[in-house]
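The values are calculated or read from the model by the stated rules, or taken from the named source; none is laboratory data. Computed from a predicted model, the values in this text were never measured in an experiment. Cβ placement follows ideal geometry from the backbone for every residue including glycine, while neighbour counts extend to all protein chains displayed. When the accessible area is computed, the model is the full protein with side chains, heavy atoms only, and any ligands, DNA or RNA have been set aside. Shrake-Rupley method; radii C 1.70, N 1.55, O 1.52, S 1.80 Å.
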Amino acid sequence: MTSLPVQHLGRLLALAMFLAALVGGGRDAWADTAAAQALFDAARQLMAQGKHADACPKLEESQRLDPGIGTQFNLAVCYEQIGRTASAWSTFLEVAGAAKAAGQIEREKVARQRATALEPRLIRLTITAPEGAPADLQVKRDGAVVGRAQWGIPVPVDPGKHTIEAAAAGKAPFTKTVELGRAGAAETVAIPPLVAGAPAHAAAPAPATGATPPATGAAPPGAALAPVAGPVPAPPARPQMRRRSKGMMVTGIVLTSLGTVALIGGGLAFASAGSGDAIGDEFGYIEEGESAEDAGAALVVGGLVLAGVGIPLAIIGGRQVPVHPEKKAAAAPAPSPELVLGPRYAGLRWSM
């Protein structure tokens, strides 16, 4: 057999690098999935040992990396065990919505039953604003913005300390901390009318070096009062994300890998065509009488088809999409493509 020509080797190397770059996103998806599974397994072991406080953060990270109904259900159970009743209640309801959308009727039923059992133990906190509140009044609970639609509404919160803040431009801020611990308790925090004054966090500018500071209560001559900036709105909460389809992503990676192997094999067959050696005897899938050149062409065409189908599947299936459990609640889950392999063919099959 003659040696592989340099030009063929260069083309094969360039093709392999191109396919590796396209499938790079799939590797990241695999890494996230593997990390999420490891975190889930570790959390389950901790829960079995009664160490729920250590397990909950691992489940939260696992759910962030690779959202799943099973992980979310275990997270709700973990919240319940450490006394975070409001978090457990809301998470069980999210599981019920996602399970209904996925057609998992039994899991939906169990999640709703767990949420209903928690309702009598919920602690509710009501925040009220004064009449004639400024239009730019911003209210926060534990650092998170409380929208106007929530004012006056009893909202379930976890037991423990909660800090309520209110601020508006040109007004002195209001802060109050309450501690809630009794199951079923209800607390109301009324924000009083904010009095005029600079915000508590505004600091007076330091005098210049060598200058005599002005007397208390007196402003430096010619100095202008700096405008009071309004409160900066908090960024919107990041929506929960999930992969579009694990089955599609895995199928795409498998097809792309098979296509890469076929392309390399076809290139080698082309390179060896001049030697007159029959490659069929070595690989066992080329019928007697076929030349190495014909085999190479078949492999290249098959490899291009597999890679052309596999790469879009891997990219689309591994793409992160937001989870909206409330939408399409009655819709059944989309069927995943099925890889069909035979001795002389490869293809995809969908159930419609």
(message) Quick check on this structure: which one of Ala102, Ala117, Ala111 is farther than 19 Å from Ala183 by Cα, small (Gly, Ala, Ser) and either open to solvent by 20 Å² or more (accessible area, probe 1.4 Å) or free of Cβ contacts under 8 Å to residues at least 24 places away in the same chain (or both)?
(response) Ala102
(message) If I filter segment 159-179 for residues that are farther than 20 Å from Pro130 by Cα, open to solvent by less than 30 Å² (accessible area, probe 1.4 Å) and assigned to a loop (DSSP other than H, G, I, E, B), do I get at least one hit?
(response) no
(message) Exactly one of these conditions fails for Glu131: (1) modelled with pLDDT of 95 or more; (2) not in a helix (DSSP H, G or I). Give me its number.
(response) (1)
(request) Go through segment 134-158 and count every residue that is within 31 Å of the chain's Cα centre (by Cα) and outside any helix (DSSP H, G or I). (result) 17
(request) Quickly run through segment 60-89 and pick out the residues that are out of contact with any helix residue (DSSP H, G or I) (no Cβ under 7 Å at 6 or more places or on another chain) and assigned to a loop (DSSP other than H, G, I, E, B). (result) Pro67, Gly68, Gly83, Arg84
(request) State the number of residues belonging to segment 43-52 that are open to solvent by less than 70 Å² (accessible area, probe 1.4 Å) and touching a residue at least 24 places away in the same chain (Cβ under 8 Å). (result) 3
